[in-house]
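What follows is a short report on a single structure.
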Protein chains: 2
Amino acid sequence: MVKLNADMKEAFPKMKVFPVATASKDGTPNVVPLAMVSLHDDETIWITDNFMNKSMTNIRTNPKVAIYIWGPEIKGCFQIKGVASIKNSGKEYEEMKAEINRKRPELPARSLVIVKITEVFECKPGPTAGSKLI
Amino acid sequence: MVKLNADMKEAFPKMKVFPVATASKDGTPNVVPLAMVSLHDDETIWITDNFMNKSMTNIRTNPKVAIYIWGPEIKGCFQIKGVASIKNSGKEYEEMKAEINRKRPELPARSLVIVKITEVFECKPGPTAGSKLI
């Protein structure tokens with residue numbers, strides 16, 4: 001696992017909607033905009049599954065996830081790769097569920113997807129695009 | 001191949017930056033923000049490769065691509081899946097290259113990625129998220 005640096009940690013909560021990519025076992029990519037994505041600690045992202053469909057099917061058989069952090073309010077651009085696990089019970093799931101119930105009680109908060117960050121790549125256009133940052 | 005409907009065609013050019021996802025042969029997803037993405041006709045997307053790195057490596061061995069169309073100016077949200085081919089010469093490549101040279105002569109326009117649209121899915125949050133539109 002790797003830890004995000006200070007610039008990345010500062011940028012993360014400025015994102016309102018995150019492009020979250022997964023892939024099926026046969027290599028079909030999927031990418032959807034998700035709002036309930038947060039940095040739980042320097043090396044862990046929490047995603048609330050309310051209405052995730054193909055993303056969840058993909059994660060169940062292939063836990064690899066990619067997310068980028070970029071937008072008008074973000075300095076730079078970085079793509080995070082990680083490995084996801086799904087929780088439908090237990091302390092972490094209950095913590096997430098209680099928070100969603102408080103803020104948005106109409107949402108189902110079906111599962112918690114915990115992404116352990118494994119790599120971070122540059123995604124700003126230019127000759128260094130794609131290079132590994134962490 | 002499938003054709004985008006009128007709402008999708010109207011939304012497409014309003015996007016300034018597109019989340020473009022690919023996957024390596026072993027199923028590692030990759031997602032990056034790309035600006036030079038346009039609808040060439042109802043069933044074909046053209047992407048200019050200026051600084052694409054892992055995306056191009058992925059497409060060479062696994063041509064499946066996913067892109068979503070969503071943002072503040074967009075009505076609805078839809079995810080497009082397609083199959084890409086890469087052109088580094090020929091009429092289509094030269095057409096793209098001439099246009100980039102005219103508008104942004106500093107960019108390399110290394111290749112043209114032609115994506116034939118195969119499926120379109122709903123990506124608006126809610127119970128219908130993930131359902132097939134086309």
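Can you confirm whether B:Val65 is within 12 Å of the chain's Cα centre (by Cα), without any contact (Cβ under 8 Å) to a residue 24 or more places away in the chain and crowded, with 22+ Cβ neighbours inside 10 Å? So B:Val65 does not fit the description; no.
Applying the criterion of being surrounded by fewer than 21 Cβ atoms within 10 Å (Cβ to Cβ) and closer than 15 Å to B:Ile117 by Cα to the residues of region B:9-31, the residue that is farthest from the other protein chains (Cβ to nearest Cβ) is B:Lys9. Restricting A:Ala84, A:Ala109, A:Ala129 to residues that are in a loop (DSSP other than H, G, I, E, B), surrounded by 14 or more Cβ atoms within 10 Å (Cβ to Cβ) and more than 10 Å from chain B (Cβ to nearest Cβ) narrows the list to A:Ala109. Looking at A:Thr48, is it surrounded by 22 or more Cβ atoms within 10 Å (Cβ to Cβ), within 14 Å of another protein chain (Cβ to nearest Cβ), under 17 Å from B:Thr22 (Cβ atoms) and modelled with pLDDT of 95 or more? Spelling it out, it is not the case that A:Thr48 is surrounded by 22 or more Cβ atoms within 10 Å (Cβ to Cβ), within 14 Å of another protein chain (Cβ to nearest Cβ), under 17 Å from B:Thr22 (Cβ atoms) and modelled with pLDDT of 95 or more. If only residues of region A:68-80 that are buried (at least 23 other Cβ atoms within 10 Å of the Cβ) and facing chain B (nearest Cβ under 9 Å) are counted, the one that is nearest to B:Lys81 (Cα to Cα) is A:Tyr68.
Here is a yes/no grid of residues against (1) among the hydrophobic types (A, V, I, L, M, F, W, C); (2) under 11 Å from the mean Cα position of the chain (by Cα); (3) in a helix (DSSP H, G or I):
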residue: B:Leu4; (1), (2), (3): yes, no, no
residue: B:Lys9; (1), (2), (3): no, no, yes
residue: B:Ala21; (1), (2), (3): yes, yes, no
residue: B:Lys25; (1), (2), (3): no, no, no
residue: B:His40; (1), (2), (3): no, yes, no
residue: B:Ile45; (1), (2), (3): yes, yes, no
residue: B:Met56; (1), (2), (3): yes, no, yes
residue: B:Arg60; (1), (2), (3): no, no, yes
residue: B:Ile74; (1), (2), (3): yes, no, no
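Return a yes/no flag: does region A:11-26 have any residue that is modelled with pLDDT under 95, touching a Gly at 6+ places or on another chain (Cβ under 7 Å) and farther than 22 Å from B:Val32 by Cβ. For region A:11-26, residues modelled with pLDDT under 95, touching a Gly at 6+ places or on another chain (Cβ under 7 Å) and farther than 22 Å from B:Val32 by Cβ: present. For region B:87-101, how many residues are part of a strand (DSSP E or B) and of a type in the set (Gly, Ala, Ser)? Total meeting the criteria: 0.
The values are calculated or read from the model by the stated rules, or taken from the named source; none is laboratory data. Small disclaimer: the values here were computed from a predicted structure and weren't measured. Reconstructed Cβ throughout: ideal geometry from the backbone, glycine too, with neighbour counts over all protein chains shown.
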